[in-house]
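Below is one structure, written out as structure tokens; the observations come after it.
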Amino acid sequence: MKRIFNFIYDVKLERFVATWCTLLMIGIMFMNVVLRFGFSFAFNWGDEIVRYLNLYAAFFAISAAYKYSGHIAIDTVVEKLIPMKLKKFFRLGSEIVSLLFCLFCLWFGVVLTLKLMATGQDSPGMGIPMFLIYMVVPIGMILSSIQIVIRIFYDKSYLEAKGFIA
């Protein structure tokens with residue numbers, strides 16, 4: 001099990017996908033703006049693909065933020081008001097609530113994806129099956145859940161302060 005955790009922890013898949021989706025978004029938008037204002041022409045699929053790339057970048061970035069402790073945390077209450085012996089339990093509780101939220105979103109993402117598969121809906125401009133677009137919700141939540149489980153059982157990051165400066 002430790003070997004699996006090490007592999008997941010070392011692979012930077014989430015950051016890679018989020019970065020490339022963002023770079024592609026920038027490139028496509030730049031190309032469309034230049035074409036629109038320079039040549040009075042623009043690709044009709046440009047805006048649509050940028051929206052979909054934005055979704056993929058966002059959901060992969062959510063998981064990457066869990067991996068690199070990049071999510072915003074309001075820990076003043078825990079670090080200033082809670083006794084030292086109870087702080088780790090509050091931090092662990094925060095991780096568990098985050099995991100439950102990700103599992104909740106995973107469940108509804110799977111339900112949404114299955115409904116879109118059943119209806120056979122396609123995107124208006126490019127004709128991509130919509131379930132492929134919305135499948136990023138369960139994928140992102142699975143990756144986020146894995147990162148939270150790694151933080152709880154492997155890193156045990158809840159045992160120490162999360163960057164609070166007194």
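The values are calculated or read from the model by the stated rules, or taken from the named source; none is laboratory data. Being a predicted model, the structure only gives us computed values, none of them experimental. As a convention, Cβ positions derive from the backbone with ideal geometry for all residues, glycine included, and neighbour counts pool all protein chains shown.
Looking at the structure I just gave you, is residue 13 in contact with a Phe, Trp or Tyr (Cβ under 6 Å, 6 or more places away or on another chain) and surrounded by fewer than 16 Cβ atoms within 10 Å (Cβ to Cβ)? No, not satisfied. When each of 93, 38, 109 is tested for being buried (at least 18 other Cβ atoms within 10 Å of the Cβ) and either touching a helix residue (DSSP H, G or I) at 6+ places or on another chain (Cβ under 8 Å) or part of a helix (DSSP H, G or I) (or both), the lone residue that passes is 109. Here the range 45-86 is the region considered, the condition is being surrounded by 15 or more Cβ atoms within 10 Å (Cβ to Cβ) and free of Cβ contacts under 8 Å to residues at least 40 places away in the same chain, and the residue that is nearest to residue 155 (Cα to Cα) is 65. The number of residues in the range 52-85 being in a helix (DSSP H, G or I) and either under 15 Å from residue 14 (Cβ atoms) or within 22 Å of the chain's Cα centre (by Cα) (or both) comes to 16.
Restricting the range 96-106 to residues that are in contact (Cβ under 8 Å) with a residue 40 or more places away in the chain and of a type in the set (A, V, I, L, M, F, W, C), which is surrounded by the most Cβ atoms within 10 Å (Cβ to Cβ)?
Kept after step one, since they are in contact (Cβ under 8 Å) with a residue 40 or more places away in the chain, are these residues of the range 96-106: 96, 98-99, 102-103.
Subsequent filtering for residues that are of a type in the set (A, V, I, L, M, F, W, C) retains 96, 99, 102-103.
Working: 96: 13, 99: 19, 102: 24, 103: 14.
Of everything passing the filter in the range 96-106, 102 is surrounded by the most Cβ atoms within 10 Å (Cβ to Cβ).
Here residue 126 meets the list (1) buried (at least 16 other Cβ atoms within 10 Å of the Cβ); (2) touching a residue at least 24 places away in the same chain (Cβ under 8 Å); (3) over 29 Å from residue 78 (Cβ atoms) almost entirely, failing just condition (1).
Only one of 159, 143, 112, 100 is more than 14 Å from the chain's Cα centre (by Cα), aliphatic (A, V, I, L, M), at pLDDT 90 or above and closer than 30 Å to residue 3 by Cα. Can you tell me which?
Values: 159 fails: at pLDDT 90 or above; 143 fails: more than 14 Å from the chain's Cα centre (by Cα); 112 fails: closer than 30 Å to residue 3 by Cα.
Sole residue among the options that is more than 14 Å from the chain's Cα centre (by Cα), aliphatic (A, V, I, L, M), at pLDDT 90 or above and closer than 30 Å to residue 3 by Cα: 100.
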